[in-house]
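Here is the structure we will look at, set down as structure tokens.
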């Protein structure tokens with residue numbers, strides 16, 4: 001008996017659905033290393049090949065028992081600095097620290113390991129009495145495992161050159177309390193850190209760390225604001241977008257959490273979702289990260305968007 005066309009359509013649909021589910025589960029539990037070379041004009045010889053490993057947006061995701069797969073991959077890589085650009089937890093109230101602590105305890109190279117918090121991480125410090133505060137217990141746990149919160153300028157010296165890392169928002173040196181620019185507000189650096197940033201030479205490299213990418217309109221606003229100082233960053237490193245957590249072939253990211261884009265982040269610019277771009281002589285690198293946001297519970301996975309960690313290397317660009 002000849003089967004009706006509806007039967008074949010249903011069969012094909014079920015097969016494709018089954019394949020997609022199996023593929024997505026497999027893809028969400030593997031990790032790739034995405035490598036990028038950043039060319040810097042007249043980069044000093046001592047900094048040629050300087051490499052940063054970026055980990056972002058873990059969201060308590062586990063890769064193998066006790067993070068075995070992720071630890072093994074990280075320990076197989078060579079890098080000069082490790083930077084973690086936020087969203088290690090699923091929300092600010094989470095106390096499920098084990099997936100993060102297990103990872104950090106397993107990583108061997110933490111000589112220069114830095115952290116800036118994201119929107120799902122707890123606030124860095126909490127008030128314990130009038131005029132007194134202390135770091136949140138989660139931050140204390142990170143630091144006890146060799147990870148430094150970037151609350152001041154961090155310096156790595158190579159020969160006569162330095163690589164400076166700073167929290168991008170704090171580097172803006174707000175002279176008066178401001179609002180309306182991505183919640184930057186009254187974050188400020190200590191006077192000594194301001195002096196360091198003001199005296200950076202051509203022999204040095206300046207890296208801004210932030211969880212949130214700094215979109216073009218924000219750069220325009222900051223640079224036109226007389227109360228703010230936009231430094232000559234060689235690179236800004238961020239996360240947050242997850243590369244567009246749900247991606248479709250030939251379409252790309254369907255959505256990123258970015259209110260500065262049209263339609264609230266729906267169908268964002270494909271060259272701004274992840275990877276390296278440049279705007280007004282400022283390079284920015286955004287990691288697609290490792291985990292998934294569960295802001296919408298039934299979309300708490302990545303589609304056609306393999307979890308990644310990132311190796312960024314400096315190369316000299318001669319005019």
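The values are calculated or read from the model by the stated rules, or taken from the named source; none is laboratory data. All of these numbers come straight from a predicted model, not from anything done at the bench. Here the Cβ positions follow ideal geometry from the backbone for every residue, glycine too, while neighbour counts run over all protein chains shown.
Of note:
- Subset tally (residues that are farther than 30 Å from residue 101 by Cβ and assigned to a strand (DSSP E or B)) for the range 34-46: 5
- From the list 311, 299, 303, 276, the one residue that fits, being touching a helix residue (DSSP H, G or I) at 6+ places or on another chain (Cβ under 9 Å) and surrounded by fewer than 22 Cβ atoms within 10 Å (Cβ to Cβ), is 303.
- Residues that are over 28 Å from residue 221 (Cα atoms), in contact with a strand residue (DSSP E or B) (Cβ under 7 Å, 6 or more places away or on another chain) and at pLDDT below 95 within the range 121-139 comprise 125, 126, 127, 128, 133, 134, 135, 136, listed in sequence order.
- Out of 44, 4, one residue alone is surrounded by 13 or more Cβ atoms within 10 Å (Cβ to Cβ) and modelled with pLDDT under 95. It is 44.
- If you go through the range 74-103 and pick out every residue that is under 30 Å from residue 162 (Cβ atoms), over 18 Å from the mean Cα position of the chain (by Cα) and buried (at least 17 other Cβ atoms within 10 Å of the Cβ), you end up with 0.
- One residue stands out in the range 248-264 among those that are more than 19 Å from residue 299 (Cα to Cα) and in contact (Cβ under 8 Å) with a residue 40 or more places away in the chain: the one that is surrounded by the most Cβ atoms within 10 Å (Cβ to Cβ), namely 261.
- Check on residue 115, in contact with a helix residue (DSSP H, G or I) (Cβ under 7 Å, 6 or more places away or on another chain), under 20 Å from residue 212 (Cβ atoms), at pLDDT 95 or above and surrounded by 19 or more Cβ atoms within 10 Å (Cβ to Cβ): yes
- Residue ID - modelled with the highest pLDDT, chosen from residues in the range 283-313 that are more than 30 Å from residue 80 (Cβ to Cβ) and outside any loop (DSSP other than H, G, I, E, B): 303
- Meets criteria (within 23 Å of the chain's Cα centre (by Cα), at pLDDT below 95 and buried (at least 16 other Cβ atoms within 10 Å of the Cβ)) for residue 142: no
- Subset of the range 47-73 [touching a residue at least 60 places away in the same chain (Cβ under 8 Å), surrounded by 15 or more Cβ atoms within 10 Å (Cβ to Cβ) and either in a loop (DSSP other than H, G, I, E, B) or touching a helix residue (DSSP H, G or I) at 6+ places or on another chain (Cβ under 8 Å) (or both)]: 50, 53, 55, 56, 57, 58, 59, 60, 61, 63, 70
- Taking every residue in the range 212-229 that is on the phi > 0 side of the Ramachandran plot and in contact (Cβ under 8 Å) with a residue 60 or more places away in the chain and pairing it with any residue that is surrounded by 18 or more Cβ atoms within 10 Å (Cβ to Cβ) and part of a helix (DSSP H, G or I), at least 6 positions away or on another chain, yields no pair with a Cβ-Cβ distance below 9 Å.
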